[in-house]
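**Student:** Structure below; questions to follow.
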Amino acid sequence: MHGRPRKPLKQEDTSALSAKTQNLRSLQSLFLTNHHNRIYTKEALDLNAKLVENNPEWHTAWNYRKLAVQHFLSTPDSNPDYVKSILDEELRVVESALRKNFKSYGAWHHRKWVLSKGHSSIDNELRLLDAFQKADPRNFHAWNYRRFVTALMKRSDEDELKYTEEVIGDNFSNYSAWHNRSILLSNLLKRKAEGYFPEEDVLKEEYELVHNAIFTDPDDQSGWFYHLWLIDQTVKIDAPLLVSSWPSHGSSLTLQGNKCLHGSGLSVLNCTLSDTGKFPIILYFSQAVEGINSSTVTVKSEVLTGDLVWKPLSKINSNTAQVWVTYLNIGDMEPQLSETYSLEISLGHSKGIVSSSGYHYGHPTQIAFKLGIHAAYEEPAKGQGEKMTSWNDNDFQRIEHYQESESIFSTDQLTSENDQNQTTSIWCAEAIVKEIIEFRELLSESDCKLGKLTLARLLSALDSLPSIYAKKMLHAGEVIELYDDLIKLDPIHSLYYKDKRSLTLLHQITSTRETLLPYCHYYKDATESIAGHVCLRLQNLSLSRIGCFENLLWVQTLDLSHNELGSIEGLEAMQLLSCLNLSHNKFGSFTALAPLRLLTSLKVLNISCNKIGSHSIDTRRYLCSSPLTHTEKFAWDRFETLVGSFNATKFWEAFLIFDSLNLTELDIKGNEVADENFRLFLVKVLPTLKWLDGGELS
């Protein structure tokens, strides 16, 4: 059991345990013989019963009993009484095993399986559960089984909710009871059951209930977890929303011929289209959705000749994604010079866009922008403007004026007329403000780490609300200070706090043009790859995680160097990105760079001075896709040709990342993997490469 120290065994206990072990091994040997020979006699089942009663955790033994029961029930002479007797015996064996270990997964699962046959009475099940829950009120196995039994009994959610309140009243420190309460209340709120609507009235009562637990014992986590769930219920919006797009609504963009792209007033996207001739349109939703196609999203313009194909930006082969992209093939459009074309994107006017949780997108939205053709594009003369990209501070110049950058980017999230119900929004803000006052009072009396964490979450929730109480990231500074305190106060969970701090800081930076402008720079002496680009410099910010991509869809050049990043999850949304600096971070493998595969415009990449190759085993490999899984398309023939006599296992992850890219510059020095053989391999994989590790390739 948790929290109980182990004590050394006495001599007599050791002898008894040795004899018990010998007996158990004998039973296991006989059982396996019966199992392999498919012997399902009464004697074999009795032997198996002794085994599971002594060792309830052996799943093979429970599976054998299922096979035996199926065998008996399939005999021609079986009748209802015979079937009932067989299943009743199974229930008896399970109960005996549970008394030995009432946290046995196999035993609880077997009992569910028996009851699901529909031949056994369930009248005794709640009595049995009461006995086990008295022995351990927080046993989540018993609570899980209780949900199963009450569903069979058709017992109302209202009655079960009252039961959880009684159990919580006996002991606030019952996480399983709080968890069960959240499940029941979710069901009641979703179907708007009598007495559980409007939602705000119900949640107010729940806040009062959980306050009793939290303020009685601030160090107990059970009530805090339920409070976190209540915060989520207060601020969440079930239906998906379109929060951002590129191009943004109302923007004007200019194509230089049918190749290069400029913003109105400033050169924003020079060279994005120079190789592919494709113009991306990006839709960024509040949650993952499916059903984005020409039927649900219409794009109107006199320059279009056919339907567009939308693709989900996902690292796995999935039809559901938070970010979707399509491409205008400028070369096929044949636009006229010195002409300006209007494009209008419409969605939400018909059903079909559905979130992964089953909610429909129902907010009619329109995005309109203009695309102009300025003059014919001329390829630069060979060697002209060709030099390596530099990331030195002296090469950058800050953008000083707000007006100068106005046409470059948009941090305004998209909304439609019916996005938010004003009454609900006001109530949400009032509820969160009330909670903030409560927890400020608690922290004035106690330096409670859970109180600090909850206050940080509440302030962040308030900043995210589109209400009269909220100004964008008004409380970000205080939230960052709270996470700084928590990193010192609770070092065991410092990585979590650093991630939350990083996301808060990025929200603060990217929330408005004014806050973002100090991080925007021009190159003093632009190279061919970055001519005229605005570089977003987010280096030296101690970032351990990145986010806020909905505000960064416009970025082409991004400097994230000298941080603490170990992952770039979500970066695939930045489809315009052509230059990326990830040097001096904490990337431990190529697996962590998987989103790069979806960045089709990427030309310049700096991943120097990381930890790639420093570990012989990539511990993330089992959490991420690999060429050995069915979710990846891997060109084995090309890989084997390129590898040659090299160590293939050392290179397959790198091949998976780089084979889909058209890089002209790559810097990988300062990583354990970057030896001469690896550099030779990269030159083969990337035929477009002109510079490697600071040197020009011949």
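**Student:** Probe radius 1.4 Å, ligands and nucleic acids left out: which of K278, K112 has the largest accessible area, and how do the rest follow? Walk me through the intermediate numbers first.
**Tutor:** On the way: K278 90, K112 50 Å².
Solvent-accessible surface, decreasing: K278, K112.
**Student:** What's the extension gain from S542 to D307 if we count 0.36 nm per residue and subtract their Cα-Cα distance?
**Tutor:** Length gained between S542 and D307: 80.2 nm.
**Student:** What is the distance, in nm, between label points placed 7 Å from the Cα along the Cα-to-Cβ direction at K66 and at F197?
**Tutor:** Between K66 and F197, the simple spin-label model gives 4.0 nm.
**Student:** May I ask you to derive the relative contact order of the range 134-243, considering only C-alpha pairs under 8 Å and at least 6 residues apart, and to give it as an integer percent?
**Tutor:** Reported as a whole number, the value is 25 percent.
**Student:** Spelling out what I want: for every residue of the range 322-328, take phi, set θ = phi - 60°, compute 6.51 cos²θ - 1.76 cosθ + 1.60 (Karplus), and round to whole Hz; glycine and proline get x.
**Tutor:** So the Karplus estimates, Gly and Pro as x, are 7, 10, 10, 9, 9, 10, 7 Hz.
**Student:** Same structure again: What does the accessible area per residue of the range 202-241 come to in Å², with a 1.4 Å probe and no ligands, DNA or RNA counted? Working shown, then result.
**Tutor:** Values: 1690 Å² over 40 residues.
Result: 42 Å² per residue.
**Student:** Evaluate the relative contact order of the range 428-587 (contact order divided by residue number), counting alpha-carbon pairs under 8 angstrom at least 6 apart; express in whole percent. Could the numbers behind the result be given before it?
**Tutor:** On the way: 241 pairs, mean separation 22.8, N = 160.
After rounding, I find 14 percent.
**Student:** Here is a further query. Of L17, L516, which has the most accessible area with a 1.4 Å probe, and how do the rest follow in descending order?
**Tutor:** Details: L17 90, L516 0 Å².
Ranking L17, L516 by accessible area, largest first, yields L17, L516.
**Student:** Ignoring ligands and nucleic acids, what accessible area does W246 show with a 1.4 Å probe (Å², nearest 10)?
**Tutor:** 20
**Student:** Okay, next question. Students sometimes get this wrong: rank K586, K7 by accessible area, probe 1.4 Å, all chains present, largest first. Let's see the in-between values first.
**Tutor:** Values: K586 100, K7 165 Å².
The most accessible residue leads, giving K7, K586.
**Student:** Let me know the shape class of the range 67-187, please: from the alpha-carbon gyration tensor, a ≥ b ≥ c as square roots of the eigenvalues, rounded when a/c is under 1.5, otherwise prolate if a/b is greater than b/c, or oblate.
**Tutor:** prolate
**Student:** In whole percent, what relative contact order does the range 1-152 give with Cα contacts below 8 Å and a gap of six or more residues?
**Tutor:** On the way: 96 pairs, mean separation 27.9, N = 152.
This gives 18 percent for the range 1-152.
**Student:** Output ³J(HN,Hα) for the range 120-137: one whole-Hz value per residue in order, computed from phi by the Karplus curve 6.51 cos²θ - 1.76 cosθ + 1.60 with θ = phi - 60°, and x for Gly and Pro.
**Tutor:** Those phi angles translate into 10, 6, 9, 4, 7, 5, 5, 4, 4, 5, 4, 5, 5, 6, 6, 5, 8, x Hz.
**Student:** How much length is gained on full extension from N293 to K650, taking 0.36 nm per residue of separation minus their Cα-Cα distance? Don't skip to the answer; put the middle values down first.
**Tutor:** Details: separation 357, 0.36 × 357 = 128.52 nm, distance 3.98 nm.
Between N293 and K650, full extension yields an extra 124.5 nm.
**Student:** Among all the lysines, which ones have a C-alpha under 28 Å from K84's C-alpha, if same-chain residues fewer than 8 places away are not counted?
**Tutor:** K42, K50, K66, K100, K103, K112, K117, K154
**Student:** Also, I was wondering about something else. Where only protein heavy atoms count, and the probe is 1.4 Å, what is the accessible area per residue for the range 28-154 in Å²?
**Tutor:** Details: 6560 Å² over 127 residues.
Spelled out: the 1.4 Å probe surface of the range 28-154, per residue, equals 52 Å².
**Student:** Could I ask something else about it? Give me the one-decimal nm value for the distance between modelled label points at I39 and K524, 7 Å along each residue's Cα-to-Cβ direction.
**Tutor:** 8.8
**Student:** Something else about it: Cβ under 14 Å from W58's Cβ, W58 left aside: what net charge do those residues give with Lys, Arg +1 and Asp, Glu -1? Numbers along the way, then the final one.
**Tutor:** Values: positive: R25, K50, R65, K66, K100; negative: E53, E57.
Once positives and negatives cancel, what remains is +3.
**Student:** Something else now. By the scheme Lys and Arg +1, Asp and Glu -1, what is the net charge of all other residues having a beta-carbon under 11 Å from that of T296? Can you show the working numbers first?
**Tutor:** Details: positive: K351; negative: E290.
So the environment of T296 carries a net charge of 0.
**Student:** Measure off, as a whole percent, the carbon and sulfur share of the 1.4 Å-probe accessible area of the range 139-247, all protein chains present.
**Tutor:** Working: 2460 of 5030 Å².
Carbon and sulfur atoms account for 49 percent of the accessible area of the range 139-247.
**Student:** Just to be sure I understand the model, the point goes 7 Å from the Cα along the line to the Cβ. What's the resulting A151 to D675 distance in nm?
**Tutor:** Here the modelled spin labels are 5.5 nm apart.
**Student:** Now, a different point. For E208 and D393 in the same chain, what is the full-extension length gain: residue separation times 0.36 nm, less their Cα-Cα distance, in nm?
**Tutor:** On the way: separation 185, 0.36 × 185 = 66.60 nm, distance 5.37 nm.
Length gained between E208 and D393: 61.2 nm.
**Student:** Next question. Just to check I understand the Karplus step: with θ = phi - 60° and J = 6.51 cos²θ - 1.76 cosθ + 1.60, what whole-Hz values come out for the range 76-87, glycine and proline as x?
**Tutor:** Along the range 76-87, the couplings run x, 8, 6, 10, x, 5, 5, 4, 4, 5, 5, 6 Hz.
**Student:** Would you mind checking which residues have amide H under 5 Å from G372's amide H? H placed 1.01 Å from N; only 5 or more apart, or other chain.
**Tutor:** L253, T254, L255, Y341
**Student:** Please compute the per residue accessible area over the range 459-518 with all protein chains in place, 1.4 Å probe, rounded to a whole number of Å².
**Tutor:** Numbers: 2950 Å² over 60 residues.
Ligands and nucleic acids excluded, the figure is 49 Å² per residue.
The values are calculated or read from the model by the stated rules, or taken from the named source; none is laboratory data. Please read all numbers here as calculations on a predicted model, not as lab measurements. Cβ: placed from backbone, ideal geometry, glycine included. Neighbour counts: every protein chain shown. Each accessible area value is taken on the protein alone, full model and side chains, heavy atoms only, with ligands, DNA and RNA left out. Shrake-Rupley method; radii C 1.70, N 1.55, O 1.52, S 1.80 Å.
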